[in-house]
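Notes for the one structure printed next.
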Amino acid sequence: MKSIDKYIIGKLVFAFTIVLLGMLSLAWLGQVLKMLDEIVMRGVDLKVFFILTVTVLPNIIAQIIPLVVFTATSYTLQTLASDKELVVLMSSGMKPKKLFRPFFYFGVILTILLLVFSLFLGPSGMRYTKFKIHEIRHDLSGTLIRDGMFSMPAKGLTVYAHKKDSNVSIEGILVHDNRNALSPITYSAEKGYLVNKNNNPKLILLNGSIQHRNLLLDGPGMTTVSFEKNEYLFSEFLTEDKNLNFDSSQRYIGDLLFPSIEDEYAKSRKNTLRAAGNHKLAQIIHPLALIIFSFSVFIKGRFDRRERSKNIIKLTTSIILFQLIDFFVASQAQSNLAPILILYLLPVLLILICLLSIRDNILRLEI
């Protein structure tokens, strides 16, 4: 590889890294905020929270790579033009075809990277996140009982535990059942055990009392009953779905295009999953298409300040329009087969239009 190719690729990699970190930080923060309420409510420790925030990164990277590549390429071309390096290179006799070579290498590498993240690492990370959150939601010791704190795991239910000796053993426990506001019930006990058998969670209370309002009595109507052992069932409160269903971000390409006939979740969402799978495959072409588009805009123009400003406006407007069309077609593909073909044609047409527009420069036979 010639030194000029290495120089341009170095600038591309630097720009790509800076833009990726910036966009990734914003997108990552959005994902973390979505999980934060869930994590705090369930009392998850910092280590698990950190792991969950890391496992969503591959999927975020897969989504933003095309835009990052476009931004990095445009910035690099803008820098080369503003520093008069493009003028020097073109004046020294370098053909547009040779000048495009490092951009092409960069595009191929990023296409492979997108392929790995979009089809493998992204779904793997999102699946792990799904499994872990599902596990956290159904970890009754963390959901229902929090050491030294009041928790409200469901509407009408308040639980307090003075101390947890283990995942199931609790000292000093109080359960306030307020589903019926006219007749609330309060359970208190010196000790308790949390048991979950056949998805039927219950709290076994030892040496305690039950206080409830008896509407048949005059006055406050409070009745207190002591017990040595009692059971309190949580199953009617915890109505969350026990099934683990994967959405489009958590499925590999085979599961998107050809879901199992035994997959009940996919049966009613077959078109949506199929559209998401084809959209993923079509987006693999986007990095190279956007690089060619950026290159075509800069290589055709003059390298003065006014022309560079026009190029920036043209690139910004075009990428917004391209993304809007792409998302619109992807949404239409959920209900119609025809837009699926357009998903693939969109980046291909962009490449062809750009190549035709600069054919006198980049498609010449001279090297």
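Things worth noting here:
- Condition check for L238: surrounded by 11 or more Cβ atoms within 10 Å (Cβ to Cβ) and at pLDDT 75 or above: no
- Single residue of S209, S226 found to be over 25 Å from M149 (Cβ atoms) and modelled with pLDDT of 75 or more: S226
- Pair list, Cβ < 7 Å and 6+ apart or interchain, from the stretch 272-297 residues that are over 25 Å from L77 (Cβ atoms) to residues that are among the basic types (K, R): L273/R251
- Of all residues in the stretch 83-124, those satisfying the criterion of being in contact with a helix residue (DSSP H, G or I) (Cβ under 7 Å, 6 or more places away or on another chain) and aromatic (F, W, Y) are F100, F103, Y105, F106, F117.
- The lone exception for L343 - which of (1) touching a His at 6+ places or on another chain (Cβ under 7 Å); (2) at pLDDT below 90; (3) among the hydrophobic types (A, V, I, L, M, F, W, C) it fails: (2)
- Criterion (not hydrophobic (A, V, I, L, M, F, W, C) and not in a helix (DSSP H, G or I)) met by exactly one of G10, G30, G93: G93
- When residues of the stretch 250-271 are limited to those that are surrounded by 15 or more Cβ atoms within 10 Å (Cβ to Cβ), free of Cβ contacts under 8 Å to residues at least 12 places away in the same chain and not basic (K, R), the one nearest to N336 (Cα to Cα): A266
Conditions (1) of a type outside the set (D, E, K, R); (2) assigned by TED's automatic domain parsing to the domain that holds I64; (3) in contact (Cβ under 8 Å) with a residue 40 or more places away in the chain; (4) within 13 Å of R274 (Cα to Cα), marked per residue:
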{"residue": "L315", "(1), (2), (3), (4)": "yes, yes, yes, no"}
{"residue": "I319", "(1), (2), (3), (4)": "yes, yes, yes, no"}
{"residue": "I325", "(1), (2), (3), (4)": "yes, yes, no, no"}
{"residue": "Q334", "(1), (2), (3), (4)": "yes, yes, yes, yes"}
{"residue": "I340", "(1), (2), (3), (4)": "yes, yes, yes, yes"}
{"residue": "L352", "(1), (2), (3), (4)": "yes, yes, no, no"}
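- Within the stretch 5-24, no residue that is in the same structural domain as I64 (by TED's automatic domain parsing) sits with its Cβ atom under 7 Å from a residue that is loosely packed, with under 13 Cβ neighbours inside 10 Å and in a helix (DSSP H, G or I) at 6+ positions apart or across chains.
- Selection count, the stretch 242-298, where residues are assigned to a helix (DSSP H, G or I), of a type in the set (K, R) and more than 21 Å from Q332 (Cβ to Cβ): 1
- Count of residues meeting criterion [within 11 Å of F106 (Cα to Cα) and not charged (D, E, K, R)] in the stretch 1-16: 6
- Just one residue in the set L121, L89, L115, L67 is more than 25 Å from L21 (Cβ to Cβ) and either surrounded by fewer than 21 Cβ atoms within 10 Å (Cβ to Cβ) or without any contact (Cβ under 8 Å) to a residue 60 or more places away in the chain (or both); that residue is L89.
- When the residues of the stretch 149-168 are filtered to those that are among the polar types (S, T, N, Q) and surrounded by 14 or more Cβ atoms within 10 Å (Cβ to Cβ), the one that is modelled with the highest pLDDT is T158.
The values are calculated or read from the model by the stated rules, or taken from the named source; none is laboratory data. These numbers were taken from a predicted model, which means no experiment stands behind them. FYI the Cβ positions are ideal-geometry reconstructions off the backbone, even for glycines, and counts take in every protein chain you see.
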